[in-house]
Every structure is written in C-alpha cells, then in structure tokens.
Amino acid sequence: MRRPVAVAVAVAATVLAAGATAAAADELFAATPGQADVRLAPQHLRGHDIAEHRAEFARDLARRLDVSVDAVEGALDTAHRQLERQLESHKSPDPGMFVRTLADGLDKSESQVREALHEVVAQRLEEGLDAAVKSGRLSDEQADRIRRRFED
C-alpha cells in the first residue's frame, strides 16, 4: 500500500475503532492531500452507533489475536488517548504508535498486531464498501478505487 494511503486508512480505522467520530476521521483524511476516494470510506459509519462499531472491532481483533476483548478494549483506549494527545498538539500522528501500543498492551509482537489489524480493517472496509455501494452512497467505481488503494 502506498504510504500516504496506508497512513490515512490506518489512522481512520484507528480513530473509528477507538470510538472517535467520523468527523474526526474526515479531519485526518483532509490532512492527507489527494485521498478523496479514501476519505469517502468512513462515511458509511455516520448515523451508526460508534460504541457498537468499536465493540465489534475489539471482538474481531481479540479473536484474531487470541486475547480477551477486555484486553483489546484497554489497549485501544490507551492508543486512542495517545492519538488524541498527538492531534491536540497539532502533531502528525505517528503511524507506528498505534501498533506499538496495542502490541505492548496485548503482549503480542508488532507483526502479529499489524497482521491482525490488516485483516480486521480489510474485512470491515469490504463490508462498509459493499453497504455504501448497495445504498448508493458510493459507485462501484469509487469502491473499486478504494479497494485497489487499500490492497496496494
């Protein structure tokens, strides 16, 4: 995946999984020039219960890493607080911080966490894109461009 897109997707997934609003994800995407198609991806979450989304994300990640949901939720809380501090200080988010924080909190290697995150984000992105296309919020072409960027 190309670096700016990888960072944009990872940061948005991080923000959304950690319980922030879709508007916060849009703000992060706005800081990544030229990523308009990717910026559309989190819009399917508007109007949905962010807490429910976060709980599902934590369950999926816990299952892939063979750890408790409580442990994942605690590590996500820690990562979310760190991300908020970075954003509030107007610093660019450190893309490795999220994975390091989860790995430390879950007693897993960074590569294990990175792989599990990729799987969860890919699955959730695919589900979201399918729903957005079905509802008419995205065209098939837009969804395909987002998929290709994620896969690169």
I'd like to check something: does region 128-137 contain any residue that is surrounded by fewer than 17 Cβ atoms within 10 Å (Cβ to Cβ), within 14 Å of the chain's Cα centre (by Cα), closer than 21 Å to E52 by Cβ and touching a residue at least 12 places away in the same chain (Cβ under 8 Å)? no
Note: among D77, D107, D152, D140, just one is under 23 Å from R63 (Cα atoms), loosely packed, with under 12 Cβ neighbours inside 10 Å and of a type in the set (D, E), namely D107
(Q) So for region 51-63 (the condition being among the aliphatic types (A, V, I, L, M) and exposed (fewer than 14 other Cβ atoms within 10 Å of the Cβ)), does at least one residue qualify? (A) yes
Regarding region 32-47, can at least one residue be identified that is modelled with pLDDT of 50 or more, surrounded by fewer than 17 Cβ atoms within 10 Å (Cβ to Cβ) and in a helix (DSSP H, G or I)? yes
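The values are calculated or read from the model by the stated rules, or taken from the named source; none is laboratory data. What you see is a predicted model, and the numbers here were worked out from it, not measured in a lab. When we count neighbours, we look across all protein chains shown, and the Cβ atoms used for this are built from the backbone with ideal geometry, even at glycine.
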